[in-house]
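The values are calculated or read from the model by the stated rules, or taken from the named source; none is laboratory data. Source: prediction; values computed, not measured. Cβ placement follows ideal geometry from the backbone for every residue including glycine, while neighbour counts extend to all protein chains displayed.
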Amino acid sequence: MLTLNYRDSRPIYEQIKDGLRRMIVTGAMAQDEKLPSVRALATQLSINPNTIQRAYNELEAEGYIYSVAGKGSFVSGTADADAVRRETLRADVKKLLNELRYLGVTEADAAALIEEVYEQ
């Protein structure tokens with residue numbers, strides 16, 4: 001079930017995208033399972049259908065879902081999508097760590113930050 005946090009600084013479409021991605025990765029949604037239609041999900045969440053469409057488009061671009069004309073959107077096999085997403089995030093983390101190093105953050109402080117995240 002998707003829930004929106006209107007106090008979250010992230011845009012609504014990103015919250016929807018992250019929620020659906022989490023459900024796909026954790027197995028809450030099975031491969032080839034049909035996603036709710038854009039209109040149905042927009043009505044359920046009381047938001048603009050364009051917001052749902054944007055989230056679906058980005059999930060499709062990332063390989064988590066696929067669309068069939070006239071049928072709707074479906075969950076794709078996540079093995080490839082997970083690998084692509086993992087590599088994208090690894091590159092982002094490397095970029096952030098390099099910037100932190102440039103700003104004077106020590107290796108020990110960076111390691112402590114990583115441990116803090118994994119303890120949550």
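Table for the structure above
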{"read-out": "Breaking point among (1) in contact (Cβ under 8 Å) with a residue 40 or more places away in the chain; (2) more than 14 Å from the chain's Cα centre (by Cα), for Arg54", "value": "(2)"}
{"read-out": "Total residues in the stretch 1-20, condition assigned to a helix (DSSP H, G or I) and touching a residue at least 24 places away in the same chain (Cβ under 8 Å)", "value": "6"}
{"read-out": "For Lys95: the one exception among (1) assigned to a helix (DSSP H, G or I); (2) under 16 Å from Met29 (Cβ atoms)", "value": "(2)"}
{"read-out": "Which numbered condition Thr43 fails, given (1) part of a helix (DSSP H, G or I); (2) β-branched (Val, Ile, Thr); (3) under 17 Å from the mean Cα position of the chain (by Cα)", "value": "(3)"}
{"read-out": "Residue that is modelled with the highest pLDDT, among those in the stretch 51-90 that are out of contact with any helix residue (DSSP H, G or I) (no Cβ under 8 Å at 6 or more places or on another chain), closer than 22 Å to Arg10 by Cβ and polar (S, T, N, Q)", "value": "Asn57"}
{"read-out": "The stretch 21-39: number of residues that are at pLDDT below 95, surrounded by 13 or more Cβ atoms within 10 Å (Cβ to Cβ) and in a helix (DSSP H, G or I)", "value": "4"}
